[in-house]
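First comes the structure, then the notes that go with it.
Each value in this text was obtained by applying a stated rule to the coordinates, not by laboratory testing. Everything numeric in this text was worked out from a predicted model, so none of it was measured. Ideal geometry is used to build each Cβ from the backbone, glycine not excepted, and the neighbour counts take in all protein chains shown.
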Amino acid sequence: MKTSRRFAAIMATVALSTATLANASDYQWEKVLQAPVDESYFGPNDPRNKYDPLSESHPLPDSKARRNGGYAWGVTVHDDEIWYGAFMNGWCLWLQPAGLPTPRDEETAALYNYQSDKNACDLREATRPPVIQIFNTRTKKLEVYQSPKRAFKSAMSGLVAIRAAATVGDVVFITALLGPDVASASGDFDSDESYFFQGIRVIAVNAKTRKFLGAVTFQDLNEARKMSVIDQPDGSKGLYFGASSRSGKSFVLRWTGSEQNPFPAAGKDGYPGFEKVMDNSGNGLVGELKSFTDKDGNLRLVASTWSSWPSVNRSGGLYISTPMPPEGFSARKQGKMEPLLVLDQYDPDPILGPTWGGGMLSIYKGKIYWGTMTIGSAFTGAYELANPQLKTTPGVRDNISRTIFARAAHVFRIDASDPAAAKIDLLFGDEFYPVLNPEDGSLSYKPNKMGLKPLMGDAGFGFGTVNYSWESTVYDGKLFVGTMDYSGGLVDYLENHPVTKDYQMNANYRIAKEQGFIPGGDLLVFEDDKTQPRIITRSGLDNHDNNGFRNFIKVHEDLYVGTSSEANIGPEAGYSFYKLDSKK
């Protein structure tokens, strides 16, 4: 690999600057599953390319083995089995986090088409539709769920990605995103019509009998992130999830069905099988949901939200609900979300503040641990929209990169025992942030508007390309945190695409080299609530193509983590699942 010497030099340089975060080599992870080969790939847009996730004949003679499963989005557990789906080749389109323009015309769409020894990206290809996969952790066998029912084939048609999942009893729910061919969507993020996804579909399967139970489609919404089974005050369980649209709608929904009838008729202002129990429209896209008990014993929901910028000029944030009724929230007894921390109230830059999003969310030692995400293209787009007169020279682009890297992954700790007087600590982040002058592109530094100082380290855990505190979970009395780091994909793209213009990702690369980076997602663990986390890996568990840790899954007493990968060609391509060796 032609970048290996450079990576080694960078890693040696960075080792000194991150010495405050101790390594944790005593946490050993065993790879138990890798994305299957689901295509025989002959070349860019070659008519012989054969995508068939049911075939065992891949790769065909003279072809390459392609693993389209970029990362497992929707993951849930039933007995010994992990049920999940994926966004196929999603990272070919999500080059935008590194600063590539959205594919809004022939010229910019062509920028997403490139080949390397580990990647094959071509927006001229038809979307590779996802499938529902089942991994048996006991037998180590992988299968693709199939049903002979015509209604199942209809439910799987038009899917772009499988986004979320949950299990209630023996019923597995798979939440999928609908859309046009990914190549035809502009990806502007500013309206429902231009967004990648055009609807949400929830599919129900009896995991024990393998019977397909039905599906329902929400045509007016186009985003979902997590489905959560919540223990309610009266001892019952409720299935909740956030569903939103890029135009600003944002709801918390609750399942109203049963195993016998998973999707009963819709009530007033609801959907078949689901009722609206909270309306958070205008305040961001509801993502993670966790339950939290306040000092008075009230059970509440805590929500992490994304920005719906530029449709709504409001950043992502952390919200807490009003107290939950004994039997849970319902259409009759709706809850209301109140903000604990909204990031445009933190960021001193009025242009960048509204573009932040929320990420990881866990309740650990009675406090809320909440992380953030930033998308480089959104930051660049904010400047271009707000300051069309600003000439983006190489120097200005470097300054934009510095603003992006300063706003890399953050982690906040919030004591919300009294929600009206929450106490907020900044664990990873910055006291001062670069702000771009819209007249000449110069930088000035301003303190964050909440006067917070980081207690444990810089944004990005020391690296500006770690843009996402992606996922977290509490296990064995510890808090595990997985991040996303787009640097490996950035390097692969720039060294294998004939980029001739000074796009933002070129500047990102210059500044990344200046500041140092290690390709591959970071995995960390808080062993208590008083000391810094320890680093389990900086390099995607020794795979630079593992750009992040997307899902933690508990099967019986074991902890698994699912990775994300920008690579789709080669022996290390595609997502993987790793199991924590608890004996170490």
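Please sort by residue number the GluC sites (Glu not before Pro) in the stretch 261-339 whose DSSP state is loop and whose Cβ has at most 14 other Cβ atoms within 10 Å. It would help to have the intermediate numbers written out before the result.
Values: sites: GLU275, GLU288, GLU327; in loops: GLU327.
Loop-located and lightly packed - GLU327.
Taking 0.36 nm per residue of sequence separation and removing the Cα-Cα distance, the GLN146/ASP581 pair yields an extension gain of 153.4 nm. A helix-only calculation puts the chain at -3500 deg cm²/dmol for mean residue ellipticity at 222 nm, using -39500 (n - 2.57) for each DSSP H run of at least four residues, averaged over all residues.
Classify the stretch 362-506 as rounded, prolate or oblate from the Cα gyration tensor: take a ≥ b ≥ c as the square roots of its eigenvalues, call it rounded if a/c is under 1.5, otherwise prolate when a/b beats b/c and oblate if not. Oblate is the answer for the stretch 362-506, as a/c is 1.5 or above yet b/c matches or exceeds a/b.
The relative contact order of the chain, computed from alpha carbon pairs under 8 Å that lie at least 6 residues apart in sequence, is 15 percent.
Find the eigenvalues of the gyration tensor of the Cα atoms of the stretch 186-296, then list the square roots of 5 times those eigenvalues as equivalent ellipsoid semi-axes, largest first, in whole angstrom. Output for the stretch 186-296: semi-axes of 24, 20, 12 Å. Shape class of the chain from the alpha-carbon gyration tensor: rounded, with the ratio a/c of largest to smallest axis under 1.5. The packing ranking, built from the mean of other Cβ atoms within 10 Å per residue, places the peptides 410-422, 219-231 in the order 219-231, 410-422, highest first.
Could you pull out the pairs from LYS530/LYS579; LYS64/LYS141; LYS153/LYS290 whose alpha carbons sit more than 29 Å apart here?
Details: LYS530/LYS579 27 Å; LYS64/LYS141 24 Å; LYS153/LYS290 33 Å.
Where the Cα-Cα span goes over 29 Å, the pairs concerned are LYS153/LYS290.
Full extension of the chain between ASP105 and ASP52 gives 16.1 nm of extra length, using 0.36 nm per residue less the Cα-Cα distance. With contacts taken as Cα pairs under 8 Å and at least 6 residues apart, the stretch 247-300 reaches a relative contact order of 36 percent.
A dipole drawn for the chain from +1 and -1 charges on Cβ atoms has a positive end, and of PRO323, PHE463, ALA382 the residue lying farthest that way is PRO323.
Taken one residue at a time, the phi angles of the stretch 272-284 give Karplus couplings (6.51, -1.76, 1.60, θ = phi - 60°) of x, x, 9, 10, 7, 10, 8, 10, 10, 4, x, 10, x Hz. Gly and Pro are set to x.
Given the pairs LYS249/LYS453; LYS295/LYS336; LYS226/LYS336, which are separated by over 23 angstrom at their Cα positions? Working shown, then result.
On the way: LYS249/LYS453 34 Å; LYS295/LYS336 19 Å; LYS226/LYS336 19 Å.
Listed pairs above 23 Å: LYS249/LYS453.
Cross-link pairs exceeding 20 Å in C-alpha to C-alpha distance, out of LYS211/LYS268; LYS367/LYS423; LYS237/LYS365, comprise LYS211/LYS268; LYS237/LYS365.
Of the trypsin sites (Lys or Arg not before Pro) found in the stretch 505-555, the ones in coil according to DSSP and having at most 16 other Cβ atoms within 10 Å of their Cβ are LYS530.
Give the shape of the stretch 421-519 as rounded, prolate or oblate, defined through the alpha-carbon gyration tensor: a ≥ b ≥ c are the square roots of its eigenvalues, a/c under 1.5 means rounded, and otherwise the shape is prolate if a/b is larger than b/c and oblate if not.
oblate
Given +1 at the Cβ of Lys and Arg, -1 at the Cβ of Asp and Glu and no other charges, the dipole of the chain around its Cα centre is 760 debye to the nearest 20. Peptide packing: for 303-309, 121-127, 86-92, the average count of neighbouring Cβ atoms within 10 Å per residue gives the ranking 303-309, 86-92, 121-127, highest mean first.
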